[in-house]
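Structure first, then comments.
The values are calculated or read from the model by the stated rules, or taken from the named source; none is laboratory data. What you are looking at is a predicted structure, and each value in this text was computed from that prediction instead of being measured. Cβ placement follows ideal geometry from the backbone for every residue including glycine, while neighbour counts extend to all protein chains displayed. The area values use the complete protein model at the heavy-atom level, side chains included, leaving out ligands, DNA and RNA. Shrake-Rupley method; radii C 1.70, N 1.55, O 1.52, S 1.80 Å.
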Amino acid sequence: MRIYFYSAQKYDQAFFEKANTAHGFDLAFTESPLNADTARLASGAEVICAFVNDTLDADCLRALAEAGVRTVALRCAGFNHVDLPEAKRLGLAVVSVPAYSPEAVAEHTLALILTLNRNTHRAYARVREGDFNLKGLLGFNLNGRTVGLIGTGRIGVATARVLSGLGVELLGYDVHENPDFKALGGQYAALDDLYARSDIISLHCPLTESNHYMINAGSIARMRDGVMLVNTSRGGLIDTEAVIAALKSKKVGHLALDVYEQESDVFFRDLSDEILADDMLSRLLTFPNVLITGHQGFFTQEAMTQIAEVTLRNVAAVGRSELCDNELTQRL
């Protein structure tokens, strides 16, 4: 069975080739993103493997089906970028990796909070230039602060677990309450209550039509002055223009992003020799109280190993016409 990988970096190839020793699939890789125009590259492959910023709309899926593809394997948890009803209509099986080392994202979330609060990234740059002045580096104790987690699934609970050791008060909001979150001392609250009480708000939920831009001018107005916002989930959860306005007015005191609503044109690419065309991202990068990483939260050895192994097991199960718990199109 031939699997064609889109948006593949060298590290993807290394981890998938290692995991493939247990399967013996024919793997092919391209750095090109997947969309309706590049779908033809998969001609001759029964399976394509796509990443979080690939575009699997109806036009793309039809082009894949015409090229002979029968299975779409997502090497990510999110699937908001896939037209699942169209995939089912075309007879395409779509599988994903719903859980891979939630601790990886949780630990990156903590790293963002600590770095942004204590300004270690700015201090590092200063000291290398011989500047040991502490002006502008003042932080605050996390102990005793209130952290609101929107989404208390595997990653949300993993984040609660690492934060609980810092002595914070944990608030949570989710459509389904998780007893594991309560076991850590977390308390559930209405969304407006979480906004009003939290010193730090961290997003750990999937992107859906109903929560697109859930962080907007209205919701920000209900937050504490100087709130820290952290998003390691999906870029579309935050209205970037509204957050920029809140940063300028100092309503938002700190912003940490590992995802961005227009990231597909920027992230996972080296643009150091180019002028950044994205005006909103360029504006964000001018704020000293904004910290941005390029969708790095998942990027640990353990997570990459799990992603590769689960993805190939999904493909093998579908290829043998076996029941696959990670097949999304079966749920429609």
Which one is most open to solvent (accessible area, probe 1.4 Å), of the residues in segment 144-175 that are in contact with a His (Cβ under 8 Å, 6 or more places away or on another chain) and more than 17 Å from Ser198 (Cα to Cα)? Ile155
Taking segment 124-138 on its own, how many of its residues are surrounded by 11 or more Cβ atoms within 10 Å (Cβ to Cβ) and within 22 Å of Leu166 (Cα to Cα)? 1
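Based on this model, can you work out whether Tyr173 counts as in the same structural domain as Arg234 (by the TED database), out of contact with any strand residue (DSSP E or B) (no Cβ under 7 Å at 6 or more places or on another chain) and of a type in the set (Ser, Thr, Tyr)?
Values: in the same structural domain as Arg234 (by the TED database): yes; out of contact with any strand residue (DSSP E or B) (no Cβ under 7 Å at 6 or more places or on another chain): no; of a type in the set (Ser, Thr, Tyr): yes.
So Tyr173 fails the test.
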Does at least one position in segment 94-115 carry a residue that is at negative phi, polar (S, T, N, Q) and not assigned by the TED database to the domain that holds Leu184? yes
Checking Thr311 against (1) more than 18 Å from the chain's Cα centre (by Cα); (2) surrounded by 14 or more Cβ atoms within 10 Å (Cβ to Cβ); (3) part of a helix (DSSP H, G or I), which single condition isn't satisfied? (1)
When residues of segment 176-212 are limited to those that are polar (S, T, N, Q) and assigned to a loop (DSSP other than H, G, I, E, B), the one surrounded by the most Cβ atoms within 10 Å (Cβ to Cβ): Ser198
Can you name the residue in segment 271-304 that is acidic (Asp, Glu) and more than 19 Å from the chain's Cα centre (by Cα) and is also most open to solvent (accessible area, probe 1.4 Å) among such residues? Asp273
Scan segment 57-70 and give yes if some residue there is under 17 Å from Phe268 (Cβ atoms) and free of Cβ contacts under 8 Å to residues at least 60 places away in the same chain, otherwise no. no
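Of all residues in segment 119-150, count the ones that are outside any loop (DSSP other than H, G, I, E, B) and under 27 Å from Ala189 (Cβ atoms).
Here is the first cut: in segment 119-150, the residues outside any loop (DSSP other than H, G, I, E, B) are 120-128, 146-150.
Checking the rest, the ones that are also under 27 Å from Ala189 (Cβ atoms) come to 146-150.
Looking only at that region, the number is 5.
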Residue list for segment 91-109, filter: in a helix (DSSP H, G or I) and surrounded by fewer than 18 Cβ atoms within 10 Å (Cβ to Cβ): Glu103, Glu107
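If we scan segment 41-49, do we find a residue that is touching a residue at least 40 places away in the same chain (Cβ under 8 Å), open to solvent by 10 Å² or more (accessible area, probe 1.4 Å), farther than 11 Å from Tyr4 by Cα and in a loop (DSSP other than H, G, I, E, B)? Quick ask: steps written out before the conclusion?
Going through segment 41-49, the residues touching a residue at least 40 places away in the same chain (Cβ under 8 Å) turn out to be 44-49.
Restricting the remaining residues to those that are open to solvent by 10 Å² or more (accessible area, probe 1.4 Å) gives 44, 46.
Of the ones still in play, those that are also farther than 11 Å from Tyr4 by Cα are none.
No - not one qualifying residue is present in segment 41-49.
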Give the residues of segment 62-90 that are small (Gly, Ala, Ser), open to solvent by 30 Å² or more (accessible area, probe 1.4 Å) and modelled with pLDDT under 95, sorted by residue number. Ala77
